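K.L.:
This is the structure I want to talk about, given as structure tokens.
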Amino acid sequence: MLAWAFPCANADEVGALLRALGKHRYLMETDHRLHWTVDEALAAHEPFAHHARQFAERCKREQDLDLSSYEPTLWRPASIDEITAVLHLFWTPGRVAQEASVRLRALLEQQGLPIPSREPFEGDPDFPDHPQLVQLSWRLLPICDLDPDRHAGALRALEDCGEEVDVATPVDQEGPDLGVLELTEGTLEGALLSEFLVWADGSRVYNDYVFRGACKAARLPWLPEGPEVNDKD
């Protein structure tokens with residue numbers, strides 16, 4: 001996978017981008033997930049309080065559940081509204097963000113999960129810190145399934161560039177590693193401390209077309225930069 005950089009300035013711009021990436025006509029499916037600690041850290045707010053209560057009931061039933069493990073069900077499916085709410089609550093300066101950050105760090109420490117000793121957004125993309133608290137994933141239609149009329153723009157761009165591509169395989173895109181440091185220290189007075197990366201495999205031209213369209217739909221006054229030279233398997 002190669003990284004495409006979106007210089008989003010704040011939670012509002014990231015939210016607009018995420019919504020646009022989940023609505024365009026080249027999308028096949030999405031899979032966004034939240035770790036249980038996020039719900040618990042934000043349990044003063046709905047809908048996170050509801051999910052935190054449900055998870056607490058599950059823990060009573062499954063007392064041998066290892067809350068620090070890689071067990072897939074420790075992450076739950078989340079809507080884009082829930083994802084953007086998480087980012088706003090953690091990245092908007094004030095008491096709410098401070099309390100959520102303290103709570104989140106305490107939860108991780110209670111489970112014996114260390115706080116990484118690095119700067120936000122500077123983790124190794126090939127070996128992300130555990131746990132990844134917010135997981136973002138999109139899958140695009142394979143090129144062979146694109147409709148000549150409905151998807152004429154991307155097909156024309158692919159034809160014009162002459163890029164050799166795998167037309168039969170769906171294209172996967174993933175958001176950045178959003179762990180404890182990214183949520184609790186990823187902004188300064190509400191300003192994001194890094195470009196927002198989206199990782200993508202498959203055709204560069206196809207991804208470029210989709211990302212440019214998402215920027216336009218999100219009314220962001222810039223275009224994505226990428227892919228970066230560093231790659232992620």
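The values are calculated or read from the model by the stated rules, or taken from the named source; none is laboratory data. Please read these numbers as outputs of a predicted model, since none were measured by experiment. Because the Cβ atoms are built from the backbone with ideal geometry, glycine has one as well, and the counts that use them run over all protein chains shown. Heavy atoms of the whole protein, side chains included, go into the accessibility calculation; ligands, DNA and RNA do not. Shrake-Rupley method; radii C 1.70, N 1.55, O 1.52, S 1.80 Å.
K.L.:
Nothing charged except the Cβ atoms of Lys and Arg (+1) and of Asp and Glu (-1): what's the magnitude of the dipole of the range 1-62 about its Cα centre? Round to the nearest 20 debye.
P.N.:
For this selection, approximately 180 debye.
K.L.:
Using a Förster distance of 35 angstrom, determine the FRET efficiency expected from the C-beta separation of E46 and R219, and round it to 0.05.
P.N.:
E(calc), rounded to 0.05, equals 0.80.
K.L.:
Still on this structure: I'd like to check one number: the per residue accessible area of the chain, probe 1.4 Å, reported in Å² as a whole number.
P.N.:
51 Å²
K.L.:
Can you give me the % of accessible surface on the range 46-199 that is carbon or sulfur? Probe 1.4 Å, all protein chains present, nothing else counted.
P.N.:
With neighbouring chains kept in place, the figure for the range 46-199 is 50 percent.
K.L.:
Counting chymotrypsin sites (Phe, Trp or Tyr not before Pro) as exposed when in a DSSP loop with at most 14 other beta carbons within 10 Å, what is the longest stretch of the chain free of them?
P.N.:
Values: sites that count: Y70, W222.
The longest uninterrupted stretch comes out as 71-221.
K.L.:
Return the single residue from R53, R103, R33 with maximal mean-square fluctuation; model: Gaussian network over the chain, springs between Cα atoms under 10 Å.
P.N.:
Highest fluctuation among the options: R53.
K.L.:
Computed over the Cα atoms of the chain, what is the convex hull's projected area averaged over all directions, in nm²?
P.N.:
Working: hull surface 53.7 nm².
The number I arrive at for the chain is 13.4 nm².
K.L.:
Pop the C-beta distance of R25 and E122 into the FRET formula with R0 = 45 Å and round what comes out to the nearest 0.05.
P.N.:
After rounding, the FRET efficiency stands at 0.80.
K.L.:
Something else: When only DSSP loop residues count, what trypsin sites (Lys or Arg not before Pro) in the range 122-166 have their Cβ near at most 16 other Cβ atoms within 10 Å?
P.N.:
Values: sites: R139, R150, R156; in loops: R150.
Qualifying residues, ordered by number: R150.
K.L.:
A further question on this structure: Per residue of the chain, what 222 nm ellipticity follows from adding -39500 (n - 2.57) for every DSSP H run with n ≥ 4, rounded to the nearest 500?
P.N.:
Mean residue ellipticity at 222 nm (helix-derived): -11500 deg cm²/dmol.
K.L.:
In whole percent, what relative contact order does the range 93-227 give with Cα contacts below 8 Å and a gap of six or more residues?
P.N.:
27 percent
K.L.:
I've got another one for you. Say we join alpha carbon atoms closer than 10 Å with springs in a Gaussian network model of the chain; which of Q135, Q173, Q63 then has the biggest fluctuation?
P.N.:
Largest GNM mean-square fluctuation: Q63.
K.L.:
Still on this structure: Using a simple spin-label model with points 7 Å from Cα along the Cα→Cβ vector, what separation in nm is obtained for E163 and E185?
P.N.:
So the two model labels end up 3.6 nm from each other.
K.L.:
I'd like to know which of L181, A16, L2 lies farthest towards the positive end of the charge dipole of the chain, counting +1 on Cβ of Lys and Arg and -1 on Cβ of Asp and Glu.
P.N.:
The listed residue farthest towards the positive side: A16.
K.L.:
Something else now. Once the Cα atoms of helix 11-21 and of the chain are each reduced to a long axis, what angle between those two axes, in degrees from 0 to 90 to the nearest 10, is obtained?
P.N.:
The two axes meet at around 50 degrees.
K.L.:
In addition: Charges at C-beta only: +1 for Lys and Arg, -1 for Asp and Glu. How large is the resulting dipole of the chain about its Cα centre, in Debye rounded to 20?
P.N.:
Numbers: 21 positive and 42 negative charges, 196 e Å.
For the chain, the charge dipole is close to 940 debye.
K.L.:
Which residue, S101, S69, S117, tops the fluctuation ranking in a GNM of the chain built on C-alpha contacts under 10 Å?
P.N.:
Looking only at S101, S69, S117, the biggest GNM fluctuation is shown by S117.
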